[in-house]
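The values are calculated or read from the model by the stated rules, or taken from the named source; none is laboratory data. Not measured: the values here are computed from a predicted model. Cβ placement follows ideal geometry from the backbone for every residue including glycine, while neighbour counts extend to all protein chains displayed.
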Amino acid sequence: MPAPCAPVSVTGLGLITPAGVGREATWEGVMRGRSVAATDPQLKGCAVDFACRIPDMTPEQARIGGGKAWRMGRFSQLAVLAAREAVADAGLDPAGWDGARVAVVIGSGLAGAAHLEDQTLRHHQGGPELVSPALVPMLISNMAAGEVLLDLGAHGPSMATETACASGASALATARHLLLAGLCDIAVAGGAEAAVTPVIASGFQRMGALSSRVDEPAAASRPFAADRDGFVISEGAAVLVLEREADARARGQRRYVRFAGAGQTSDAYHPTAPAPDGVHAEAALRSALAEAGLGATDVDHVNAHGTSTQLNDLTEAELIRRALPHRPSVTAAKGVLGHSLGAAGAIEAALTALTVRRSTVPPIANLTPHNLPYDLDCVTGTPRAQRVRAATSHSFGFGGHNVVLLFTEEN
């Protein structure tokens, strides 16, 4: 087994999700264990007309400032707001840091697809003069990272990760590697997505990925349930601040968790379906364990990808049962939040960090023990008090991308 890597700590968290605007509001919403899915007026006329939307923000929460919001895609705006919360939570002041030593990595699956859809309609209806001059920066996937860089005055390495529904998790794994390579001292990393549109929703519906429970949206997302029938499309953002543990200790900063390992593999099996044997996803899990210097039985908790689709939940359930047969507790935030696509991995990583820090596991919405066909210790009904010394967060994406992040208690 390879030697563990140098410790990296999570020192700040920022969250904007359909459960609430801000870290604490999101945590409280997830802990309630009730889906926030509802009929969406913007999806009127679609075969599946419900989604999970971020609640209205107060003017203070939504303020980008400097007249910049007009040029920014919604996914970039969410990334900036989440990054501000995370940096403040980490006790950092961008006015006083060495920006050349600050990296930014933000993942997104569909980036500015919503703006392309809107501007294409404008062009069709009124010609090129109606197309916004800000279309390209609103559209391209690197601009969430770009706008965070501009907002924070960060001049270190920066990039966007695009591994579909694993994009946010890929961003965190990449940022950790930048820290360990000595290419930065602070990494601001996560994911952002805002792609709840008629065309995108219809595309997922046509491929059979969305739940069709139009008469009961709040009961639609049900990870690992025997009668699950698809995911609920969602939006959101999460940003984490990562630092080498020694640096965080030196400045006396509170540390949520140690980011102890990350594993990344590829199925090379099918454009949208997971490899049914899950062997490469398991390899990602074992790689994360090896980096952390841990064995499978050290894992106390799993924050599952848990999409509420038939194939993904089946493959993941079998992976957990086979690789972690000691039955660690399992949760899946998509029951409450829906599936925020490229942001999901970062949101779930942030929730995993809070689970470890607060010794409490959120329940899976719309799942009961009687409706669970797998031999998993899924947390249902109410939150579970549990000391979690080590936890994994799983993310899988179209294209066969597998990312497993591993977090442990801080010493």
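Key figures for this structure:
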| item | result |
| --- | --- |
| Matching option when the condition is within 20 Å of residue 15 (Cα to Cα) and in contact with a Lys or Arg (Cβ under 9 Å, 6 or more places away or on another chain), among 194, 166 | 194 |
| Selection status of residue 79, in a helix (DSSP H, G or I), surrounded by fewer than 19 Cβ atoms within 10 Å (Cβ to Cβ), in contact (Cβ under 8 Å) with a residue 12 or more places away in the chain and among the aliphatic types (A, V, I, L, M) | no |
| Filter result for the condition that a residue is under 23 Å from residue 44 (Cα atoms), of a type in the set (A, V, I, L, M, F, W, C) and in a loop (DSSP other than H, G, I, E, B), over 275, 201, 195 | 195 |
| Of all residues in region 107-151 being among the charged types (D, E, K, R) and within 30 Å of residue 84 (Cβ to Cβ), the one that is surrounded by the most Cβ atoms within 10 Å (Cβ to Cβ) | 147 |
| Filtered residue count, region 254-274, keeping only those that are surrounded by fewer than 17 Cβ atoms within 10 Å (Cβ to Cβ) and more than 19 Å from the chain's Cα centre (by Cα) | 6 |
| Selected residue (criterion: nearest to residue 344 (Cα to Cα)) from residues of region 152-175 that are surrounded by 24 or more Cβ atoms within 10 Å (Cβ to Cβ) and out of contact with any helix residue (DSSP H, G or I) (no Cβ under 8 Å at 6 or more places or on another chain) | 173 |
| Out of 232, 241, sole residue that is surrounded by 21 or more Cβ atoms within 10 Å (Cβ to Cβ) and within 19 Å of residue 161 (Cβ to Cβ) | 241 |
| Filtered residue count, region 48-76, keeping only those that are within 15 Å of residue 152 (Cβ to Cβ) and at pLDDT below 95 | 5 |
| Criterion (touching an Asp or Glu at 6+ places or on another chain (Cβ under 9 Å) and either of a type in the set (A, V, I, L, M) or part of a loop (DSSP other than H, G, I, E, B) (or both)) met by exactly one of 225, 268, 246, 218 | 225 |
| Count of residues meeting criterion [part of a helix (DSSP H, G or I) and not aromatic (Phe, Trp, Tyr)] in region 1-45 | 12 |
| Flag for residue 41 being surrounded by fewer than 19 Cβ atoms within 10 Å (Cβ to Cβ), at pLDDT below 95 and out of contact with any strand residue (DSSP E or B) (no Cβ under 7 Å at 6 or more places or on another chain) | no |
| Test result for residue 48, in contact (Cβ under 8 Å) with a residue 12 or more places away in the chain, under 22 Å from residue 342 (Cα atoms), assigned to a loop (DSSP other than H, G, I, E, B) and more than 22 Å from the chain's Cα centre (by Cα) | yes |
| Helices (runs of 4 or more DSSP H) wholly inside region 286-398 that include at least 3 residues being closer than 19 Å to residue 262 by Cα and within 21 Å of the chain's Cα centre (by Cα) | 310-323, 344-358 |
| Residue pairs meeting the criteria (Cβ under 8 Å; at least 6 apart or on separate chains; first in contact (Cβ under 8 Å) with a residue 12 or more places away in the chain and of a type outside the set (A, V, I, L, M), in region 247-263; second crowded, with 24+ Cβ neighbours inside 10 Å and part of a loop (DSSP other than H, G, I, E, B)) | 253/90 |
| Residue in region 292-299 that is touching a Gly at 6+ places or on another chain (Cβ under 7 Å) and of a type in the set (Asp, Glu) present | no |
| Residues of region 399-408 satisfying the condition of being touching a strand residue (DSSP E or B) at 6+ places or on another chain (Cβ under 7 Å) and part of a loop (DSSP other than H, G, I, E, B) | 400 |
| Residue list for region 228-243, restricted to those being over 17 Å from the mean Cα position of the chain (by Cα) and either aromatic (Phe, Trp, Tyr) or in a loop (DSSP other than H, G, I, E, B) (or both) | 228, 229, 230 |
| Qualifying positions in region 233-290 - among the polar types (S, T, N, Q) and more than 30 Å from residue 38 (Cα to Cα) | 253, 264, 265, 266, 287 |
